[in-house]
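Colleague: My questions all concern the structure below.
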Amino acid sequence: MGGYATYVWSSYGVVVVMLAVMLISSVIGGRTRDRELTALEERVGPRRQRRQQNDPEDTRHDA
């Protein structure tokens with residue numbers, strides 16, 4: 001690597017560590033949000049279902 005091996009491999013190491021930190025942070029954050037959503041649904045009630053795009057009962061576009 002022409003004398004740059006220490007720089008190259010340490011850069012790879014930093015990238016791997018940062019990716020691992022981001023992955024762990026995302027997983028923990030997702031679990032936290034799931035717990036918050038579950039607690040909110042227990043307190044308020046379940047979410048309403050989204051209306052289908054091709055719902056024949058949808059009269060909003062009748063003009």
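Colleague: Take segment 29-49 and flag every residue that is among the aliphatic types (A, V, I, L, M) and surrounded by 10 or more Cβ atoms within 10 Å (Cβ to Cβ). Before you say what the answer is, go through the steps one by one.
Modeller: Taking segment 29-49 and keeping what is among the aliphatic types (A, V, I, L, M), we get 37, 39-40, 44.
Listed by number, the residues that qualify are LEU37, ALA39, LEU40.
Colleague: Quick one: what pairs do we get from segment 3-27, first residue without any contact (Cβ under 8 Å) to a residue 40 or more places away in the chain, second surrounded by 10 or more Cβ atoms within 10 Å (Cβ to Cβ), C-beta under 7 Å, 6+ apart or different chains?
Modeller: none
Colleague: If we scan segment 30-43, do we find a residue that is part of a loop (DSSP other than H, G, I, E, B) and at pLDDT 90 or above? Steps first, answer last, please.
Modeller: In the first step, residues of segment 30-43 are kept if they are part of a loop (DSSP other than H, G, I, E, B); the result is none.
For segment 30-43, residues part of a loop (DSSP other than H, G, I, E, B) and at pLDDT 90 or above: absent.
Colleague: Write out, first by first residue and then by second, each pair whose Cβ atoms fall under 9 Å of each other, whose residues are 6+ apart or on separate chains, and whose first residue, in segment 30-50, is without any contact (Cβ under 8 Å) to a residue 40 or more places away in the chain while the second is not in a helix (DSSP H, G or I).
Modeller: So the pair list comes out as LEU37/ARG47; GLU41/ARG47.
The values are calculated or read from the model by the stated rules, or taken from the named source; none is laboratory data. A quick note: this is a predicted structure, and the numbers were derived from the prediction, not measured. As a convention, Cβ positions derive from the backbone with ideal geometry for all residues, glycine included, and neighbour counts pool all protein chains shown.
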